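K.L.:
Pasting in a structure now, in structure tokens, and then I'll have a few things to ask.
Every number in this text was worked out from the coordinates using simple rules, so none of it is lab data. Keep in mind that what you see is a predicted model, and the values were worked out from it rather than measured. Neighbour counts are summed over all protein chains in view; Cβ atoms, including those assigned to glycine, are modelled from backbone coordinates with ideal geometry.
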Amino acid sequence: MSAVKPSDGRHLNSRPDSIRCGVLGVALLAFAAAAAHADIKIEIIGVDGAMRDNVLAYLSLQRYADRDDLDAAMIERLFQRTSGEARSALRPFGYYEPDIHGNLQPVGKNWRMRLRIEPGTPIILASADVKVSGPGAEDAIFREIVGESNLSAGTRLNHAEYERTKGELQRTAAATGYLDAKLIKSEMFVDPAKHVAAIQLELDTGPRYRFGKTTIEQDVIDQRLFTKYLRYREHDYYDAIAVLGTQFALDDSQYFSVVEVAPGERDRETLTVPMHIRAEPVRRDRYSIGFGYGTDTKFRGTLSWDDRRINRAGHRSRVAIKASSITRQITGQYLIPVGDPALEKLSLDATFGTDKLADVNTRTVELRPGLTQVLGRWQRVLFVRFTKATTETPTETRRDSLVIPGISYAPLAGRTLSQPYIGYGFYAELTGSHHSLGSDANYLRLDVRDERRFDLSPRWHLIARGELGVSAVGNFSELPASERFFAGGDRSVRGFALNELSPVDANGNKVGGRHLIVASLEIERDLPRRFAIAAFVDAGNAVNKLSDPLEYSAGLGVRWKLPVISLGIDVAQALSRSGLGPRLHLNITPNLK
């Protein structure tokens, strides 16, 4: 736990208070002879929230509570520090004269400390002068910081807000090219006797610098292609975010093992910052093998080979073999960077695979050329699927030749070519086919999905997920099973098996539906050590009419949040059907922001 430290400032007429404690001295001496692991329970009364957390962070008894070499004498010495530590912890919040009562008692081999705190009269800001001077004084980014600062006359003194505002001004100046910026005033005056304080904070921005010449050391791809990865241009205003973006774009390109993007010594005469970039080649071939398990797929495995540098024009390829209890697939992909190579590409994908969709088995051979482009804040993909599909049900086998043009959109934020859309966040795809293209089917299909996370408090979160799929087709029998909708499973309506929810044909076979509706609400509570618990309600179905009834389920889950992904175990119970028992779902999902 990190502590909020008091700021350095001039304090007038500050006086210490003594702690009033009821310590059972006789009991302490009785236990002093034997050292043993002592659990220390600390109860704080009178303050809560951030103030309570900061007091705990300051207390020596809290920091040493897990040690197994504490004896009674050491615990007593640590207890004697409590008053001063609690007082220091309250000053950043504007409370300089608290009244503190402490009591320490042994409970068997353990200890209990009760700390009662009366914060007292807070220090109020009599004046707060926060301003920016110099060439960047009228820059909107600085005016926004000053305008959003909570340092104003009549408010309670808050050291953390003072430090935050000061740090935000300095960081913003450094990040936006005001590299000579300095604080010419940074003063806090506190008069505890009168319970007032005054703050003076002034940043002189100095001149704004621009990007100078960029020196590049690399012999991996064409220099012209390399420069397209730069997120800045010479003579642009210096921007630390653009420097970081360049580093990320080159790292994600998969061409380099080491990338260093570093500003040089700034030139105060020309007001420029030269840049130096050094990159070393990555190993050309990469082989990977992976295994996993999911309640939908059972055991699954992947074997892949990537050729990450076919030529100096940046072409690359990938071949992968995937297998699970419901899918067998071989895919090949050839990529050519175009436009902005970090975000745009020309691709050619070839796939041969089999899938089990409820009571339908499909075998597909497909060729898919595509163009990925950036349009403002969106990533658009234009593609055409040339498909030979064989569909088998217990009563029928059919073969279709399809030409399927399509277009998809996804938000650009946080997305690169090495991090494509993987099923979380907003995504919309429109596909269709027509006899005039040489297809055996006429249809139009729209699939829109989204997932959002809302922070209700630091520990409570709401996760909303939904998907809507609709098809326009004159004769439903023309719609291939691979283009129909199914519901149920880990990422659909939990409590039901994968693709279990579907309309049935005349023989009772689940053959998929024209439309899809799925919605989920989940409330999540963070726990210590990166764990969390969740409660959720799911609803949805694959239907032939949007007015058809939906299925419902509810359940509980446990999450283990790693830095990038979360491992989850859910137990869901179907509510709309009787006779179904609880169903276990295992999932691995990216952490939503």
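K.L.:
Using only Cα atoms and rounding to the nearest 10 degrees, what angle (0 to 90) does helix 240-252 make with the longest principal axis of the chain?
P.N.:
So the helix axis and the longest Cα principal axis differ by about 40 degrees.
K.L.:
Now, a different point. Based only on the alpha carbon positions, what is the Kirkwood hydrodynamic radius of the range 102-153, in angstrom?
P.N.:
Averaging 1/r across every pair of different Cα atoms and inverting gives 15.8 Å.
K.L.:
Can you find, among Ile123, Phe248, Ile199, the residue sitting farthest towards the positive end of the charge dipole of the chain, where Lys and Arg contribute +1 and Asp and Glu -1 at Cβ?
P.N.:
Comparing the listed Cα positions along the dipole, Phe248 ranks first.
K.L.:
Just to be sure I understand the model, the point goes 7 Å from the Cα along the line to the Cβ. What's the resulting Asp219 to Leu367 distance in nm?
P.N.:
If labels sit at Asp219 and Leu367, their model points lie 3.9 nm apart.
K.L.:
Sorted from largest to smallest, which semi-axis lengths in Å does the alpha carbon gyration tensor of the range 342-590 give for its equivalent ellipsoid, taking the root of 5 times each eigenvalue?
P.N.:
They are 32, 25, 15 Å, listed from largest to smallest.
K.L.:
Another question, then. When the label point is put 7 Å from the Cα of Ser133 along its Cα-to-beta-carbon vector, which residues of the range 186-211 have a backbone N closer than 11 Å?
P.N.:
Zone members listed by number: 202-205.
K.L.:
Summing Lys, Arg as +1 and Asp, Glu as -1, what charge do residues with Cβ under 10 Å from the Cβ of Val537 carry, Val537 excluded?
P.N.:
-1
K.L.:
Could I ask something else about it? With the crude spin-label approximation of a point 7 Å out along Cα→Cβ, what separation in nm comes out for Asp340 versus Asp66?
P.N.:
4.4
K.L.:
Starting from the eigenvalues of the Cα gyration tensor, five times each then square-rooted, give me the equivalent ellipsoid semi-axes of the range 529-593, largest first, whole Å.
P.N.:
28, 15, 8
K.L.:
Based on the mean of other beta carbon atoms within 10 Å per residue, what is the order of 243-250, 70-77, most packed first?
P.N.:
243-250, 70-77
K.L.:
Still on this structure: Based on Cβ point charges of +1 for Lys and Arg and -1 for Asp and Glu, what charge dipole magnitude is obtained for the chain about its Cα centre, in debye rounded to the nearest 20?
P.N.:
700
K.L.:
Right, next: Mind checking the full-extension length gain between Ile407 and Thr270? Use 0.36 nm per residue of separation minus the Cα-Cα distance, one decimal, nm.
P.N.:
This chain segment gains 44.5 nm when fully extended.
K.L.:
Dividing the Cα radius of gyration by the Kirkwood radius, what Rg/Rh value follows for the range 420-472?
P.N.:
My calculation puts Rg/Rh at 1.25.
K.L.:
Still on this model: For the range 474-593, what is the charge dipole size about the Cα centre, in debye to the nearest 20, if Lys and Arg each add +1 at the Cβ and Asp and Glu each add -1 at the Cβ?
P.N.:
440
K.L.:
Could I ask something else about it? Going Cα to Cα from Lys561, which lysines come in below 16 Å? Please leave out same-chain ones fewer than 8 positions away.
P.N.:
Straight-distance partners of Lys561: Lys593.
K.L.:
Return one number: the angle in degrees, 0 to 90 and rounded to the nearest 10, between the long axis of the Cα atoms of helix 159-175 and the longest principal axis of the Cα atoms of the chain.
P.N.:
That helix lies at roughly 50 degrees to the long axis.
K.L.:
Stick to Cα atoms and the Kirkwood definition of Rh, then tell me Rg/Rh for the range 250-404.
P.N.:
Here Rg/Rh amounts to 1.13.
K.L.:
Shifting gears a bit: How big is the gap, in Å, between the Cα center of the range 538-593 and the Cα center of the range 214-251?
P.N.:
43
K.L.:
Quick one: net charge of Leu586's neighbours, Cβ under 14 Å, K/R +1, D/E -1?
P.N.:
Result for the neighbourhood of Leu586: +3.
K.L.:
Here are a few candidate values for Rg and Dmax of the Cα atoms in Å: (1) 31.9, 98; (2) 26.4, 91; (3) 34.9, 121. Which one was actually calculated from the structure I just gave you?
P.N.:
Correct label, based on the coordinates given: (1).
K.L.:
Based on the inverse mean of 1/r over its pairs of different Cα atoms, what is the Kirkwood hydrodynamic radius of the range 466-593, in Å?
P.N.:
Every distinct Cα pair counted, the radius reaches 15.7 Å.
K.L.:
Same structure again: Based on the alpha carbons, how large is the Rg to Rh ratio for the range 210-281 when Rh follows Kirkwood?
P.N.:
Value, to two decimals: 0.97.
K.L.:
In the neighborhood of Leu498, defined by Cβ-to-Cβ distances under 12 Å, what is the net charge if each Lys or Arg adds +1 and each Asp or Glu adds -1?
P.N.:
So the surrounding residues net to +2.
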